[in-house]
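Presented below is the structure to which this report refers.
Quick note: the coordinates plus some simple rules give every number you see, no bench work behind them. Predicted model only: the values in this text are computed from it and were never measured. As a convention, Cβ positions derive from the backbone with ideal geometry for all residues, glycine included, and neighbour counts pool all protein chains shown.
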Amino acid sequence: MAEVDQNEMKRIAAEKAVETFVKDGMTVGLGTGSTAYYVILKVAELVKKGYKLKCVATSVASENLALENGIPIVDLNDVDHVDVTIDGADEVDPKMNLIKGLGGALLREKIVAAASVEEIIVVDESKLVEKIGTRCSLPVEVLPFGHLKTAYGLKRQGCEPVLRMKGSEPFVTDGGNLIYDCRFEGGIDYLSFKESALDAIPGVVECGLFINMVRAVVIAHKDGSVEIRE
């Protein structure tokens, strides 16, 4: 059997997640990034079929894509809760802990995830790791004010923080903040402790560790099969 490429893996996993977890009448959280793109397109298909959905977007980009495809968007403040959020991840460990934020929307993604009854993660098999922090850096969103001092605090937590750039200027999030991508040599130990320690640094808004927040992970494999881990 021929292998499918990464974009095709993202598409088939995203469609499987929407088909499995989105029901008529739900409030749905829409993630951000290259995998969530396919989630949004599949949700749009359901809306066109007559599903009565209300959706909360985790970024301006996702909101714009949703509106362009006829998906009704509501403010998170205007709903009691989100029934299900479907989003991507940059790393997933065997306990379904995550690194998120390479797409630059980690703050809003975590707020929406915390408001969700179920957080569903969609990935291709390349995102699976045995230990968090071994495949990619950990994004940390920080206030612009005094951010070099915040970076010093990050470094004292055992990482090498690098300010994310967009061209010749620092990357700015939808919330007007900056992101430091923090590489931990050998990965990250004691995840909950590290999350608390990073969030306690003055100037840190949020870090990209998502610990004990996930209901299920939908994984696409190179052979075209899809696995659901719960």
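If the requirement is being of a type outside the set (Asp, Glu) and more than 28 Å from residue 175 (Cα to Cα), which of these qualifies: 53, 46, 102? Show your work before the answer.
Values: 53 fails: more than 28 Å from residue 175 (Cα to Cα); 102 fails: more than 28 Å from residue 175 (Cα to Cα).
On inspection, the qualifying residue turns out to be 46.
From the list 91, 3, 68, 8, exactly one residue is surrounded by 20 or more Cβ atoms within 10 Å (Cβ to Cβ) and either under 13 Å from residue 122 (Cβ atoms) or of a type in the set (Asp, Glu) (or both). Which is it? I'd like the intermediate steps shown before the answer.
Working: 3 fails: surrounded by 20 or more Cβ atoms within 10 Å (Cβ to Cβ); 68 fails: surrounded by 20 or more Cβ atoms within 10 Å (Cβ to Cβ); 8 fails: surrounded by 20 or more Cβ atoms within 10 Å (Cβ to Cβ).
Exactly one of 91, 3, 68, 8 is surrounded by 20 or more Cβ atoms within 10 Å (Cβ to Cβ) and either under 13 Å from residue 122 (Cβ atoms) or of a type in the set (Asp, Glu) (or both), namely 91.
Restricting region 56-82 to residues that are part of a loop (DSSP other than H, G, I, E, B) and among the polar types (S, T, N, Q), which is nearest to residue 114 (Cα to Cα)?
Of region 56-82, the ones part of a loop (DSSP other than H, G, I, E, B) are 58-59, 69-72, 74-75, 79-81.
Retained after the next criterion (residues that are among the polar types (S, T, N, Q)): 58-59, 69.
On the way: 58: 12, 59: 15, 69: 26 Å.
Filtering region 56-82 for residues that are part of a loop (DSSP other than H, G, I, E, B) and among the polar types (S, T, N, Q), the one nearest to residue 114 (Cα to Cα) comes out as 58.
Is it true that residue 44 is of a type in the set (A, V, I, L, M, F, W, C) and within 19 Å of residue 116 (Cα to Cα)? I'd like the intermediate steps shown before the answer.
Working: of a type in the set (A, V, I, L, M, F, W, C): yes; within 19 Å of residue 116 (Cα to Cα): no.
No.
Can you find even one residue in region 22-30 that is part of a helix (DSSP H, G or I) and not acidic (Asp, Glu)?
So in region 22-30, the residues part of a helix (DSSP H, G or I) come out as none.
Within region 22-30, none of the residues are part of a helix (DSSP H, G or I) and not acidic (Asp, Glu).
If you scan region 161-207, which residues turn out to be part of a strand (DSSP E or B) and either closer than 21 Å to residue 131 by Cβ or not aliphatic (A, V, I, L, M) (or both)? It would help to see each step written out before you state the result.
Residues of region 161-207 that are part of a strand (DSSP E or B), as a first pass: 161-163, 165-166, 169-170, 178-183, 204-207.
Answer for region 161-207, where residues must be part of a strand (DSSP E or B) and either closer than 21 Å to residue 131 by Cβ or not aliphatic (A, V, I, L, M) (or both): 161, 162, 166, 169, 170, 180, 181, 182, 183, 206, 207.
Within region 194-210, restricting attention to residues that are buried (at least 16 other Cβ atoms within 10 Å of the Cβ) and hydrophobic (A, V, I, L, M, F, W, C), which residue is nearest to residue 11 (Cα to Cα)?
Going residue by residue through region 194-210, those that are buried (at least 16 other Cβ atoms within 10 Å of the Cβ) are 194-195, 197-198, 201, 203-210.
Those still in the list that are hydrophobic (A, V, I, L, M, F, W, C) too: 197-198, 201, 204-205, 207, 209-210.
Numbers: 197: 36, 198: 34, 201: 38, 204: 34, 205: 32, 207: 27, 209: 24, 210: 23 Å.
In this case the residue turns out to be 210.
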